[in-house]
Structures are given as C-alpha cells and as structure tokens.
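Report on the structure given below.
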Amino acid sequence: MKRFKMSRRDFLKSSSFITGAATGASLMVGNNPELEAAPAEAAVNVDRKTAIAQCPYCGVGCGTVIQTENGKIVSMRPDKDHPTNYGLQCIKGLTAAEPIYVDRMEGDPYVRKDVWAEWSKPGHGDLEFVSQTKGSFDEEHFVRVPYEDAEEMTAHKVAHLAKKYTGNSIGLYGSGQLTMEGQYLENLFMKGVLGSNTIEANARMCMTSAVTGYFATLGSDTPPLAYEDIELADMIMHFGHNAREAHPIIFWRAADHKRKKDIPTVVVDPRYTGTAKGYEDINPKNSVHVPILNGDIAFLNSIAHVLLKDHKDVIDWDFLKAHTTGWKEYTDGVLNGYSPEQVQDRMGGPNHDVSPEMIRKVAGMFADATRKRLARSKGKQEGKGYGGVIIMWGIGYNQHIHGQHNTISIVNLLTMTGNLAKPGCGPFSMTGQPNAMGERFTGGLTGRLPFNQPLKNAKHRAHMAKHWRVPEKNLVTAMKSKNPGYAIGMMERALKDEVKAFFFVYATHIDLPDVDKLIRPALNKTFNVVQEIYRHAPNNLYADVIFPAATWGEVDGLYISSERRINRVEKAAEPPPGCYPDMDMVIDKGRNIANLLGLDGDKIFPWKRKKDGFYDSQEIFRDVIRASEGTDTDLTGLLEVEKLDKKTPYEQLRDLRGIQWPAPSYEIAKAGGTKRRYMMQEGVWKNKPYGYFRTKDGKVHMKLCHIDYSKREEITKKLMEFGDKEGVYTIDNIPLLKQARDMGLTPDLPDEAERGKNWDKVAKGKYPYWLGLGVVYEHFHTAKSNRSPTTRRLVPEMYVEMHPDDAKDLGIKDGDKVKLITRRGEFQAKAQVGTNSLVKPARNSVPRGYMFSPWNLSVADSADPKKNKWLVNNTSSRVWDLVSGQVDFKKLACRIEKV
Ligand code: SF4
C-alpha cells in the first residue's frame, strides 16, 4: 500500500489556508530540523524528556511528541513516524502544551461550604441537603478538605441516594477525552456497581447518529475504512463536514490526493467553507459545493434516482441480491419519489440553490468514479481492486433530529453501487473528540456494554458480569432501568426529580443544548461531583465537590482515533500535587461505593496503587483485552504477542504507532490490526469468524429514509415549545419526535416574512433567520484552546458570520456588537460581515438568511454567569433523534438585535 507523503512545499501549495493555517504552517516542526527541540546537552541543568501521544484534540488522532523540561510539559512536535500525520499537525495540536498549567487547580478537593457543614453535623445531617450557593464558583463558597474525606462524603451520599431512589437515580456524564481505560471503568462502576443506565457522554452530541446508523445497516459500530483509503479513492464527498477546520490533517490528505490524481470532490454544506474553497483552488472544474440546508436525505436519494435511471451500469445488482435486505423498497422508493425535480422543495428554500442540473452533475461524477473502481476490479475476485467513492461526514451531519437516517442514507447509496467493503470506497465518519471512539468501544452510554454489544444481550451481560466481577443481576437492573432521551432525557429526569446526583468526568455541561432552560435548572437540583482541571470551569458553578484532576500528558492510557486506531497516550510529566487521573478516581469512588452497597469493592476493583501513588493503567488494559475475547472488537492478539515475544501491550502499541481493532490473533496484532472490515477483508481465523457483515443474517440492512415537508409547519410548531413553554418535556412526547424524525424535519422554523427589515423593526417574538452553531479551526471545544495564548490571539472573541446583504437589511455594520436571540435564550457576538470582515477569522461565507457562530468560544469571555455573554448553547434546541439521541445545533430560528 502506498505510504502517504506530503512535503512541506506540497502542503503549503495545496492548502494555502488563510490566517490560522498559515500560522500553523509556520509552526510545523516535524520536517524542519532548525525548529526541532535543541538537544538536551546544549542546555545547562535542563532535564529534557519526550513521550509519545495521540493529540488531545480532534478524532483524527495525530501522533504527537510531548516535550518536557525539568518535569514540566513545554511543547509539542508532530510525530513523523505516525501513519496518520507523518510529521504534520494543525495549530491546535502544535500548541497543546500552552494551556496545561493555566488556571490549574491543585491540592485538596473543594467542597461546597454549606454541604460540608451539613455533612459535619452529628450523624452527617441530611444526606440529601441541597446547596444554596449553586451557580457560583467563588472561593468563599468552598472549603478545602483532604481527598479521603471528600471521597468518603461523596460515597456515603451517593450510596444513600442509590439505596433510597435506585441506582438509576445516579447519573454520569463522561467524555471522549478520557483514556479508554477510564471509560471502561466508568461503565463498570455505573452499570456493574450501581445498576444504573443513566450514563451518558459527550460522544452523544458528537457521533451517535453515525454509531446507530452503522448498527442499523452493517450490524456493528465500525467505520470500515482506514485513512490510507483516502489516497485510493476516485471521488470524495463531504456531508456537513468542514474538514479543513474540524479535521485539518484529513483535509490536507484529501486535498493532496486531489492535487496529485485530480479526483472530483463534493462538499455538501449550507456554508461556502474553506473546505469547498480549498478544493476549488486546486481544480474548480471537478469541485462542487452543494449548499443544502437539511435536505441531505432527499439529495442522496435523488442521486440514487439518477443513477438508477441514467447510469444503470454502476448499480451492483448482484451485491444487492446476495448481501443486502431492503434493496427493493429502497430502489423502488427513490425511483418513485426522488427525481431531481421532485426534491426541489426539500433543498432548504431560497438561497440554497441545488438545481436538478447540479444533482445530475454530481450523480455523473459519482458514476464515473464508480466505473473507475469497476474497471480496476474487472476479472478479479470479489473485493479485489480498489477505488470508487468515499463519503465522509462530520459532527454537523450527525447533529440532526434525523441523524441516524442521515447515516443510513449514505450507506444506502454506497451499498447500491457496490462502493462498500473494498479498499478506497465506503462510508467514513470523522469523530470529534480524540477518544469518542473509546467511549463507543467501552459502551459508556445508555443501553450499551463494551465491545459493540447492547445491554439487552443476555449472553454478553453474563460475559461482562464475569469479567467485571459484579453480580449479573446488577446488569439486569441496569437494563431494565429506563433513560429515555439519553443525555437530554437524564437532564429532564433531573428536573422531574428522578435523577438525584451526577458525576461529571472530563466533560462540560455547556456542550449540551438549552443550557439556560434545561441543563442549569437541572443541575441546581442534583448533588454534583466534578472531576476537573481548571479552577474557573463551568461545571464548578454547580459542583458540590470538585476533585482536581490530572490531564492529558500527565496520565497513561489509550485513545482510539476515527480509523479504529488504538494509540498510546504516554505520561510525560507528573500532575500538580493533589491531582489524580480520572481513572484512579473512578477506582477509588467505585470501590468505596461498592462496599457501602454491600458488594466486595476490593474484588471488583482489585488493583493497588503503584509506588508512585497511581494505578497501573496497563493492568486495566489487560483486563479490557481479556474481556474482549470472541467479540466484535477482539484484541486478544496483543496478549498472544506479549506471551510469545515478551512485549507488553503498551510497548506493541508504541512501536507500531497504534493498532486498528480488531486484533484477534498474534499475526494480526503484529501486522498492526485490521485495516478494513466486512466482506472477509478481516480474513478468517479459527474461532474468530469475521464474515460478511455483522448483522444477524450477515447482510447490509438498507432502509429508505424520507424528507417530507407536507406537515412541516404543524409539527415544527410543537417542537418549538420545548424550552419555550414550561413543563413540556421531550421524554413525554416520543410519538412527536418519531414523526419529526420520519419526516426529516428541523427543530425550529424561522419567520421568513420578517426578513429584510431593519433589526429594530422586526416584530417582537419573531425569529426571521437561521442560526447554525459549529466549530472554528483554531479552537477545540471550550476549555484548553481558549487558554492557549497563540490560538486565543488568532481568534479571540465570539463572532457571527453574516451575509453582507442580510447585514444591510438589518442595518448592521461589520464589527457591530449584536445579540442573537432564539425562543430559548441569547448570546452576544461581533458581526463578521462577509470574508472581508475585520473580525477574525473571516474565512467562510454564509448564504443569505443563515447566521453561524462557533461554540468553542462560549466561555472565553468568562465562565462566571455574571459576566458570561457568549454562551451559544443558551439558544439551542433540545429536540433529539429518536434512536441516536443526538440534537440539532445547526438549524435554529433567531432574531438579531444590536447591543
Ligand atoms: S487537532 Fe486533529 S488534525 Fe489537529 S493536530 Fe490534533 S488530531 Fe491532528
């Protein structure tokens, strides 16, 4: 297989990325010896060390070398030996050292003063006492107490609540930034010890539409490709994916491939983004931007329609008949209802010009790319040859109230044309968090168990109970416990007094929607235990107990990137005093609470702290490997290698720069795992039968999905009541959500009749514009990159991208301070009018009627509610996809007011 290579000159030429990337390029040090860290002997009394890790930011999972001086993390450089990035990284990864010691907590845990006073009473007072100072993280409201005392109080209160109100009254919000070992233990603790199903993670808002779409069609949450397929593809499409900002290294690889092989590319996005522009800069003739708003399913179905009518040679009827179900309904359905002319009403309305000609052009490109693959595989055995079409998508495409259907629709089209389960083609979801895949792998979500299995699978429940050393009945209890609505549902249940306590582990509550009307009122009522690194983090506002935590670079463990690559994350430096790895704190609290609930905590969590005071994460990983035996994600090959070659699992992962799961045998583990999945691409091993697809019948399950706007106004009007009308909960309105999902609707609908007026002439209570929330290249989520001086200087403040003609209509000038208001709340931003704006970064264009703000800067002004004006999720809707639980942050109705 050809190794991806991009010279510094090639990179600069192919990705002349404006502001941020240009700065990023100047900081690239992997291939530039002058910028490499000076050798240790050149300095006097400086102890320099390095450690390897996966970048702590996006799910691309670039290899990074962490550099320390005298025991402190001081800088990063790209790992030139890592097969994901070969010595390149973007600005976020390169500056990942900057925020590590800024605003850090250390020392003893913080406990809210009134909670501690109550606990200190004889008999520990009222164990359900609710603090009166929530909403503030001011020092005056906290006392510092020793770690063991804070743990003891936490354990007693949680055990009391679990006994009185059931384990399911205890919730946990975990993270795609935790190590995989920590995630595995969190799930053990919640389901195995507490018997709770109220466990969610920020992966819910990131990837679960892809997860559930993969399950429904292919039978396993498995992105089937590897990054090296990018360089084998004959066409790449991106849906809801501004790869150039969200996953820069993937964009750079794809752009480099386009430049070398002149492949066609299609970017489906309401905004004209840097991704669309970057491809056009390489070759405008075979680069298409499709500015759809919400109509992706109709667009995909329409391409299928054109292929069935005009490009019959690329339909893989043999594959459909032998390896799929539902193909007849799908092909009949798209033929009958999805011609390019028929779907015109579902492309997003005025300013979303997706003409029948454009659809036919894209279908023609798709057919040509498929023909190239067919030509290469002519006369060869099924699955041999390579190329065809890759469809990538990002978080934006998942964040729909019909997100699962979005994924299914991609798989449908690729399956129909045989662009599946072969090198160089297929569906490829790009993960947001660096270890969101770890959260999926370890099953740290409602209804899941580790290794791609549902909690309702009795055989796997018994298997996990044995490996977790917990009573099987606890897992049965967890299975029977309901958490409808997933992350949103657990917050609504807290508002209804059904959830009594929350653990927040390496995740913030402000990534959830409807913060002002739903999330914060819920957290005001519950007992909240927060593991956190920064003193002024939003979670601390609602924390009853804050445990200062160690962070990336200070902990040992593993992350899994978007291509199923399990990467080493080595500890480079000791954490500040009193800060423990999240994994260690899960073990301590799990053991204490298990004992209070009458279980044997020492048996469930048998590990002892090492001499350095921390637990050995590799021991936990060996536990994970043993438990994975015989499953979809079998890793037992690593233990076989350990036995025969005397190389520990961590050493293997370090030397190979990651292994792609599954790795069920010695040979596969030695070869770096499984690159591609399905249709026997995994090979066949004794007792490890990876065959065609992972559904029960071994076939791809196709399902025709719809966008149908015939009752749009009537249904959306009801959706808009959530967060606007008191006492209306999504979990009490499941049939409504189903209807909205099945018809492919949006959570809001703007009052378009009010558009075109000056901002102060728009009628009160009217919301004329679309508002989308997303990410900006320089920042990652809401904590670290905001605290990094370099990235903060590049994009320092909240902005809203606005079309120049809308700004003119509204009477707003570039740089004006405005308020964006929805039915749920508001935030402030600077108007960034067009790409000539003086407000940074000014690089994307929005269509008329559509505004865009990044969520990364939400608390960059201040996390203190008294000063915080940039919290975008005050405006978002909580309506969720019926199966994936994901919500839509992209299509809110807003009004604009000048401040
Ligand atoms: S943020 Fe993503 S693309 Fe950038 S260096 Fe990190 S992993 Fe790579």
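Every number here is computed from the coordinates shown, using simple stated rules; none is lab data. Source: prediction; values computed, not measured. Cβ placement follows ideal geometry from the backbone for every residue including glycine, while neighbour counts extend to all protein chains displayed.
Just a few scattered comments:
- Charge dipole of the chain (Cα centre as origin; +1 on each Lys and Arg Cβ, -1 on each Asp and Glu Cβ, all else neutral): 1720 debye, rounded to the nearest 20.
- Equivalent ellipsoid semi-axes, segment 441-490, via Cα gyration tensor eigenvalues times 5, rooted, Å: 19, 12, 8
- With the cut-off at under 20 Å, measuring from each backbone N in segment 315-340 to a point 7 Å along the Cα-to-Cβ line of LYS380 picks out 315-320.
- For peptides 783-793, 423-433, 723-733, sequence by mean Cβ density within 10 Å, most packed first: 423-433, 783-793, 723-733
- Rough spin-label spacing in nm, given labels placed 7 Å along Cα→Cβ, for LYS163 and ILE734: 3.3
- Ordering 654-662, 71-79 by mean Cβ neighbour count within 10 Å, with the highest value first, yields 654-662, 71-79.
- Estimated FRET transfer efficiency when R0 is 45 angstrom, pair LYS813-GLU139 (beta carbons, to 0.05): 0.65
- Listed peptides 52-59, 857-864, 445-452 by packing density, highest first (mean Cβ within 10 Å): 52-59, 445-452, 857-864
- Sorted by Cβ neighbour density within 10 Å, fewest at the top, the residues PHE621, PHE251: PHE621, PHE251
- Between the beta carbons of GLU574 and LYS525, assuming R0 = 30 Å, the FRET efficiency works out to 0.20 to the nearest 0.05.
- Spacing of the two label points (7 Å from each Cα toward its C-beta) at HIS536 and ASP262, in nm: 5.5
- Full extension of the chain segment joining LYS761 with ASP47 gains 250.6 nm, where the gain is 0.36 nm per residue of separation less the Cα-Cα distance.
- Among TRP552, TRP607, the order by Cβ neighbours within 10 angstrom, fewest to most, reads TRP607, TRP552.
- Unit Cα scatterers, Debye sum, segment 507-604: log10 I(q)/I(0) for q = 0.20 Å⁻¹: -1.11
- The modelled label-to-label distance between LYS321 and ARG360, using points 7 Å beyond Cα along the C-beta direction, is 3.1 nm.
- In segment 783-846, the convex hull through the Cα atoms has an average projected area of 5.1 nm², a quarter of its surface area.
- Of the trypsin sites (Lys or Arg not before Pro) found in segment 351-401, the ones in coil according to DSSP and having at most 16 other Cβ atoms within 10 Å of their Cβ are LYS378, LYS380, LYS384.
- Rounded to the nearest 500, the 222 nm mean residue ellipticity of the chain from helices alone is -9000 deg cm²/dmol, with -39,500 (n - 2.57) taken per DSSP H run of at least 4 residues.
- Using a Förster distance of 30 Å, the FRET efficiency for LYS725-GLU752 (Cβ separation, nearest 0.05): 0.85
- Computing Rg and the Kirkwood Rh from the Cα coordinates of the chain gives a ratio, Rg/Rh, of 0.94.
- Look at the dipole of the chain built from charges on Cβ: of ILE546, ALA842, THR791, the Cα furthest out on the positive end belongs to ALA842.
- Label point of GLU629 set 7 angstrom out along Cα-Cβ; within segment 456-475, amide nitrogens under 15 Å from it belong to 463-469.
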